[in-house]
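Enquirer: My questions all concern the structure below.
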Amino acid sequence: MTNQEITGKDYVVHHNADTVTTTFQGELALGGPQEYASINELLTEVANGDADVITLDFRTLSFLNSSGISMLCKYVLALRKKQDIQLVILGSHDIPWQRKSLRNLQKFLPSLRLDLE
C-alpha cells in the first residue's frame, strides 16, 4: 500500500504506509454513509493489509459528526474478526467529542489501545 490522501473542503485524511498511521485533520461533517465511502474504503484497505498494528490519529480532528462516528464504530467492529491486528487510537482530551466517543470504541473492541493526550 502507498501513502494516500483524501481531501475535502474542511478536512484531510492522510495515510502513511510506512507507519501504518491514518491521520484525520480539520472537521469531518459529511452527509452520510455514501459520503464517507472513500474514507471507509481507505480504512478497509489498511485493515486488509499485512500490518500487525494500525494507528488512527484523531488529535487534530476538531469535529466528527454522527455519520462519521457510525462509520468508525462499524470499522472497529469489523476489526474484531481480525484478532491479529492491534488498533491504536490517538486522541485529545481537549476535543470534547473525542473524550466520549473514542472511549466508547473500547466497548466494541476491548483490545483497542486508546491514548488521549
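Rule-based calculations on the coordinates, nothing more; no lab input. Being a predicted model, the structure only gives us computed values, none of them experimental. We place every Cβ from the backbone using ideal geometry, glycine too, and count neighbours over all the protein chains shown.
Enquirer: In region 56-75, is there at least one residue being without any contact (Cβ under 8 Å) to a residue 24 or more places away in the chain and hydroxyl-bearing (Ser, Thr, Tyr)?
Expert: Yes, because at least one residue in region 56-75 is without any contact (Cβ under 8 Å) to a residue 24 or more places away in the chain and hydroxyl-bearing (Ser, Thr, Tyr).
Enquirer: Yes or no: region 77-96 includes at least one residue that is over 13 Å from the mean Cα position of the chain (by Cα) and of a type in the set (A, V, I, L, M, F, W, C).
Expert: Yes, region 77-96 contains at least one residue that is over 13 Å from the mean Cα position of the chain (by Cα) and of a type in the set (A, V, I, L, M, F, W, C).
Enquirer: Scan region 81-117 for residues that are touching a Leu at 6+ places or on another chain (Cβ under 9 Å) and acidic (Asp, Glu) and jot them down.
Expert: Matches in region 81-117: ASP115, GLU117.
Enquirer: Something else about it: Quick check on my filter: what residues within region 89-102 are in contact (Cβ under 8 Å) with a residue 12 or more places away in the chain and closer than 12 Å to ILE69 by Cβ?
Expert: Hits for region 89-102 are TRP97, GLN98, SER101, LEU102.
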